[in-house]
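Before any comments, here is the structure.
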Amino acid sequence: MKNIALVGFMGTGKTTVGKILARRMNYAFVDIDALIEKEQGAAITRIFSEFGEPYFRKLEADMISRLSCQEGLVISAGGGAVMDSRNVDNLKMCGSLVCLTASPEVILKRVGGSTHRPLLKTPDPLGRVKELLAARAPYYARADITVDTDGLTAEEAAGRILDLVGEL
Ligand code: S3P
């Protein structure tokens, strides 16, 4: 089977669901952000604050192009990765592109306490989530499959993805 590449906004469950999928498929799970942090020896927040978002986006695109066609992977890409069409093309080349969604309120509840999401460090995080979701909607629409995770457990979301990928 092809790789599975998970995209979708922060807090939609890419990492949790991705790990379950990898276990069930006997694939390896890779998280683009985690690999960037490891290679750079710096947290994403620090990369953003010291070098800026465009620099992070370059690292992200580079990591995605290196990984997307390695075999047997469930790849979790950061929430903004779809904004660069080269990332979407690369991920689709050897994988099914699966977008996880959730409502702004659920997203905020899931990421509420997290300090490692530089884009949500703002006085009005709910407004920011809504704004970013609207801006990114056309990019997320390029996914082969979309699964709404509101009200689903991570196991249920993984099961739904496996069913839908099987039908592609
Ligand atoms: C980002 C999402 C984050 C991370 C970075 C930027 C985004 O990943 O890549 O903070 O632009 O939405 P997660 O979606 O895994 O939180």
| task | Look through Ala102, Ala43, Ala28 and report the one residue that is touching a residue at least 12 places away in the same chain (Cβ under 8 Å) and in contact with a strand residue (DSSP E or B) (Cβ under 6 Å, 6 or more places away or on another chain). | result | Ala28
| request: Would you confirm whether any residue within the range 114-127 is buried (at least 19 other Cβ atoms within 10 Å of the Cβ), closer than 30 Å to Leu168 by Cβ, touching a residue at least 24 places away in the same chain (Cβ under 8 Å) and out of contact with any strand residue (DSSP E or B) (no Cβ under 8 Å at 6 or more places or on another chain)? | output: no
| Yes or no: Arg142 among the charged types (D, E, K, R), surrounded by 15 or more Cβ atoms within 10 Å (Cβ to Cβ) and either within 23 Å of Met1 (Cα to Cα) or touching a His at 6+ places or on another chain (Cβ under 6 Å) (or both)? | yes
| remark: Restricted to the range 69-85 and to residues being within 16 Å of the ligand (Cβ to nearest atom) and small (Gly, Ala, Ser), the residue most open to solvent (accessible area, probe 1.4 Å) is Ser85
| message | Looking only at residues that are in contact (Cβ under 8 Å) with a residue 12 or more places away in the chain and open to solvent by 40 Å² or more (accessible area, probe 1.4 Å) in the range 145-168, which one is farthest from Met25 (Cα to Cα)? | response | Asp150
| Do you know which residues across the range 35-50 are within 18 Å of Ser68 (Cβ to Cβ), within 13 Å of the ligand (Cβ to nearest atom) and open to solvent by 50 Å² or more (accessible area, probe 1.4 Å)? | Leu35
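The values are calculated or read from the model by the stated rules, or taken from the named source; none is laboratory data. Everything quoted here is computed from the prediction, not taken from an experiment. Every residue, glycine among them, receives a Cβ derived from its backbone with ideal geometry; neighbour counts consider all protein chains shown. For accessibility, only protein heavy atoms count, side chains too; no ligands or nucleic acids. Shrake-Rupley method; radii C 1.70, N 1.55, O 1.52, S 1.80 Å.
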